[in-house]
Amino acid sequence: MMTSVLDETPPPPLTMDSIEELRTHLWKVHQVTVEDGDPVLMIYTIHKVVLDEHRRLIDQHNRTLSGIIQTQAEAFTTDVTAAIEDFKNEALTDAVRERLSAMQEAARLADTAQDRFRKMVKLISLLTALNLVAVVFTLGVLTVLTI
């Protein structure tokens, strides 16, 4: 059996907001006229009210969920920001401690080097004084021998 385009059921409209649109659609599909007092129209009205209420509840739940998610996201962001700050402070404190430790070690090495340098200066001063005494003694001996 062959079917034609005329035999196919037309698709329902995307929205059927009025009873007139429903009656037109029923005529297109079934070629039946539905009177204003027909119980089918009451079922349509009941379904429309239920669907509208369902849509309203879904919208309300979506708003509630969005608020909860927003609150949770803000709390999470606050917690993460605080954790990052704590980590930075701890890392900075560790870095500062390491830097201070290195500076203290450098100061200790500098003090040791300075003490050794002072000892070397004293030793060099003593050796220089002994050299001067030796020079004076040598000049005195040479002067006495040449006279």
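The values are calculated or read from the model by the stated rules, or taken from the named source; none is laboratory data. Everything numeric in this text was worked out from a predicted model, so none of it was measured. Cβ atoms come from the backbone with ideal geometry, glycine included; neighbour counts cover every protein chain shown. Just so you know, the surface numbers come from the protein's heavy atoms only, side chains and all, with ligands and any DNA or RNA stripped out. Shrake-Rupley method; radii C 1.70, N 1.55, O 1.52, S 1.80 Å.
No other residue among D59, D36, D52 is under 30 Å from S18 (Cβ atoms), at pLDDT below 90 and surrounded by 10 or more Cβ atoms within 10 Å (Cβ to Cβ) apart from D52.
Comparison of L100, L65 shows that the only residue that is assigned to a helix (DSSP H, G or I) and at pLDDT 85 or above is L65.
Among all residues of the range 80-90, there is none that is over 49 Å from the mean Cα position of the chain (by Cα) and either surrounded by fewer than 10 Cβ atoms within 10 Å (Cβ to Cβ) or part of a helix (DSSP H, G or I) (or both).
Are any residues in the range 19-33 open to solvent by 70 Å² or more (accessible area, probe 1.4 Å) and in contact with a Phe, Trp or Tyr (Cβ under 9 Å, 6 or more places away or on another chain), and if so, which ones? T33 - this is the single residue of the range 19-33 that is open to solvent by 70 Å² or more (accessible area, probe 1.4 Å) and in contact with a Phe, Trp or Tyr (Cβ under 9 Å, 6 or more places away or on another chain). Just for the range 91-107: of the residues that are among the hydrophobic types (A, V, I, L, M, F, W, C) and open to solvent by less than 80 Å² (accessible area, probe 1.4 Å), which one is nearest to the chain's Cα centre (by Cα)? Across the range 91-107, the extreme among qualifying residues is A91.
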